[in-house]
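Take a look at the structure set out below.
The values are calculated or read from the model by the stated rules, or taken from the named source; none is laboratory data. Just so it is clear, the model here is predicted, and its values are computed rather than measured. Just the protein is used for accessible areas: all its heavy atoms, side chains included, with ligands, DNA and RNA removed. Shrake-Rupley method; radii C 1.70, N 1.55, O 1.52, S 1.80 Å.
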Amino acid sequence: MSDEFNILNDPEMQEIFQSFLVETKEILEQLDLDLVEIEKRPDDVDLLNQIFRSFHTIKGTSGFLGLEKLQKVTHRGEDILNKLRKGEVLLNDEIMDNILKSYDAIKDLVDVIEEKKEEDFDTSEILYELDTLIAKLENKELPVQEVKKSKQTKTTKAKKTKTAKTTKDKKSTVEKSDEAITESEDEIIESVEIPEMNEVSTHAAMSQKEDSNQNSDKKDDKSLQHGKKGENTIRVDVQRLDELLNIVSELVLGRNRLAQINIEAGIQYEGTKISRDLAETTRQIDLMTTELQLAVMKTRMIKIAKVFNRFPRLVRDLSKDLGREVQLIIQGEDTELDKTLIEEINDPLVHLVRNSIDHGIETPEDRKALGKPELGTVTLSAEHEGNNIIISIEDDGKGIDTEAIKEKAIQKGIISADKANELSKQDIFNLIFAPGFSTAKKVTNVSGRGVGMDVVKTNVAKLRGIINIESEVNKGTKIIIKLPLTLAIIQGLLVKVAGETVVVPLNSVIEVVRVPITQIYSVKTNECIKLRESVLPLIDIDEALYGMKINDIQEDWQYVVVVGIAEKRYGLKVNELVGQKEVVIKSLGSYIGNIDGVAGSTIMGDGKVVMILDIAEMVNKIMVHA
Amino acid sequence: MNLHEKDKNNESNELLQLVSFKIGNEEFGVDILKVQEINRMMAITKVPSAPSFVEGVINLRGRVIPVIDLRIKMGLPKRESSKNTRIVVVELEGTTVGFIVDEVSEVLRIPKNITEAPPEMVAGIDADYITAVGKLEDRLLILLDLEKVLSLTQSKQLAELEV
């Protein structure tokens, strides 16, 4: 065993090992989708072949790397799939469950291998289960197998005599133990697969082959197409992209500075050739920088399909566990967003989809009683909206019962009974984000512990996102998450507070209003305004950040920037609105470190450094102090 | 300073190259190799919730670096900047930091053997910062260890005190 581990630790093998991991994960991702799909269309031969090939590829590479356990598990999976694709057995729930189990085991095993570089994972249980199933299938289907086998021989005979040998092999093994059977099965698969692979690599031989191989099934053509794909992409280390983005960020700052100089020069040397030339060059640089920035950002963009694709399986498992009938509709999976966001958005979505199924969709009987179709629908969609991406999770379930939430919140001591009656519908919805809140009658492994929505809120706030809930009893619930496209370069709203200019990230900004001073009310020590039926707490940035209250400027009107943090809304009191600008977030450096309420700083066109606010943290800080 | 050390210094006849600057009435020296540049006072942006000796941040040719007011760090009262006020930019342990000083005097070369270990208390500065005192012909020069001035643990302690 130790020899095999050495292979993975061998520096010369690192590159191969890494590409094995990347490739395997890609295959697994696709496999996840395919497996759920095959359950719906069990007689799709092409799809079955594709799944089979995925297992086969993983088995092959893991064998090469000496990953015995992985090879064994994939091998069993492959055996089962082989029977399916040859039509020896028909897909049923038991087989499907086992295939999914083997998929899960493979996935876990790959994770362990990546982390520890060894197969520190117990596969005995899954192997036993798979072996049992295989044995069962073998015994039951023996006669069918014989027939199929001869057919197989016919189709491949024209190619190579090798198949004859394998057929013999197989016949001889029928009486042997299960283990031996699977071994020889492997050989058959191997020998059948070889011409397939040759075909992919040698295009010249293709036409010839097709002639001699006319009655072979369509699978070979399919694999051919499959092999041709993906040639015009390259894998790039994320770090290199990060560096590139960094340089572009600097360039954006330079561009801003140039624009400022251009304005100044334009005033000083108005009408001269040099100022016209400068203006033109500035415009050109401006345009090119913007384009470069977009192009670089695009390289970091990943299709949200990467996240969405995990859901069909999740929905399948959950609906089975909970006895619901749910179809998942995925829309806009081609929408792209920054890699960092992709990584962070997965967990919140998992929680939300779980909630939709567990709390939203009713049992088929209940749905029937309500006159709804028994099959519930959860829709997961993504779309672009300006510099934001909107992700929504919608279900046609029972909706959020505001009364039940109120009751629960009072019972849990989250709000007082008096206060509960004053809350708007939206405010009540937002209560579900409170930590420890759960309306589930009992705690299941799906939900009820009351941490899920808290996670959603925290993660979304971290990404400077906004959450909106729309819900109607018995119609369904829609949760909308609005996220910025990228984190490094942001659109900012420049505002002035007490002599300092600060940047409010524009994607947190919902609107800017001007209210007469007389309409600012005080609730206890907090100021607030009434904005379209809901009460908006006001935040004094001077006080929150600089620890001083400068309120000597008594004007009749107060500008209020309405910002959203996850599900909550606040108003920031500002003295002056300066404008909107694209800014690059620069950290304050390790010496100053992280300051609550400040996301970083940026350099303006005139060379001045301004602070970029982190609204979520700032509000948190105030809440802690309050 | 013990005899052994003195001997060693005499042997190598080592010269110290220092940048000297003034804060209040005292004159300080720092290793010239640590000093990246010396700038005139420029617009400093306040950093919210930072310790009081952190005056803010400046834009140093596209880099945002923190600026520390040495006066406050040394427990002296804050003073409005004058035309002599300078920002001494130093690179320490990989971070670039600016120090505000009242005025920069000159670049000095002094033989190491005219320096002495600091007395217990000098000019109200916590003696930790001081590596040595140089006896010049007409005055004393306090040699500072800026790394110590900057040392994160200390600044954190201070920050906690001030919160």
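What do you reckon, how do B:Leu15, B:Leu33 stack up by accessible area (1.4 Å probe), largest on top? It would help to have the intermediate numbers written out before the result.
Working: B:Leu15 95, B:Leu33 155 Å².
Result, largest first: B:Leu33, B:Leu15.
At 1.4 Å probe size, what's the solvent-accessible area of A:His384? Round to the nearest 10 Å².
Surface accessible to solvent at A:His384 totals approximately 90 Å².
Can you list the residues in region B:19-68 whose accessible area drops by at least 30 Å² when all protein chains are present, compared with the chain alone? Use a 1.4 Å probe, heavy atoms only.
Checking the loss per residue gives B:Thr45, B:Lys46, B:Val47, B:Pro48, B:Ser49, B:Val57, B:Asn59, B:Gly62, B:Val64, B:Pro66.
Quick query: amide H of B:Ser105 versus all other amide H atoms, modeled in the peptide plane; which residues come in under 5 Å with a sequence gap of 5 or more or a different chain?
It is B:Ser20, B:Phe21, B:Lys22, by chain and number.
For region A:347-380 and region A:38-109, what is the centre-to-centre distance using only Cα atoms, to the nearest Å?
First find each Cα centre; the distance between them is then 30 Å.
Given that compact globular proteins tend to follow 2.2 N^0.38 Å, what is the ratio of the alpha-carbon Rg of region A:1-116 to that value?
On the way: Rg = 14.7 Å, N = 116, 2.2 N^0.38 = 13.4 Å.
Ratio of Rg to 2.2 N^0.38 Å for region A:1-116: 1.10.
Full-extension gain between A:Arg276 and A:Glu333, please, as 0.36 nm times their residue separation minus the C-alpha to C-alpha distance.
Result for the pair: 15.9 nm of gain on full extension.
With all protein chains present, calculate the accessible area of A:Leu314 using a 1.4 Å probe and round the result to the nearest 10 Å².
40
What residues qualify as long-range amide H neighbours of B:Ile68, i.e. H under 5 Å apart, gap of 5 or more or another chain, H built at 1.01 Å from N?
Correct list: B:Glu55, B:Gly98, B:Phe99, B:Ile100.
Can you sort A:Tyr521, B:Tyr129, A:Tyr559 by 1.4 Å-probe accessible area, starting with the largest?
Details: A:Tyr521 115, B:Tyr129 10, A:Tyr559 80 Å².
Ranked list, largest accessible area first: A:Tyr521, A:Tyr559, B:Tyr129.
What pairs from B:Lys46/B:Lys148; A:Lys116/A:Lys339; B:Lys34/B:Lys83; A:Lys25/A:Lys69; B:Lys78/B:Lys135 go past 22 Å between their alpha carbons? Can you show the working numbers first?
Numbers: B:Lys46/B:Lys148 24 Å; A:Lys116/A:Lys339 25 Å; B:Lys34/B:Lys83 24 Å; A:Lys25/A:Lys69 17 Å; B:Lys78/B:Lys135 28 Å.
Where the Cα-Cα span goes over 22 Å, the pairs concerned are B:Lys46/B:Lys148; A:Lys116/A:Lys339; B:Lys34/B:Lys83; B:Lys78/B:Lys135.
How big a patch of accessible area, both sides summed and in Å² to the nearest 100, lies buried between A and B at a 1.4 Å probe? Before the final figure, lay out the partial values.
Details: alone 32660 and 9740 Å², together 40640 Å².
Chain pair A/B: roughly 1800 Å² of buried accessible area.
Students sometimes get this wrong: rank A:Lys475, A:Lys608 by accessible area, probe 1.4 Å, all chains present, largest first. Walk me through the numbers on the way to the answer.
Details: A:Lys475 140, A:Lys608 75 Å².
Correct descending sequence by accessible area is A:Lys475, A:Lys608.
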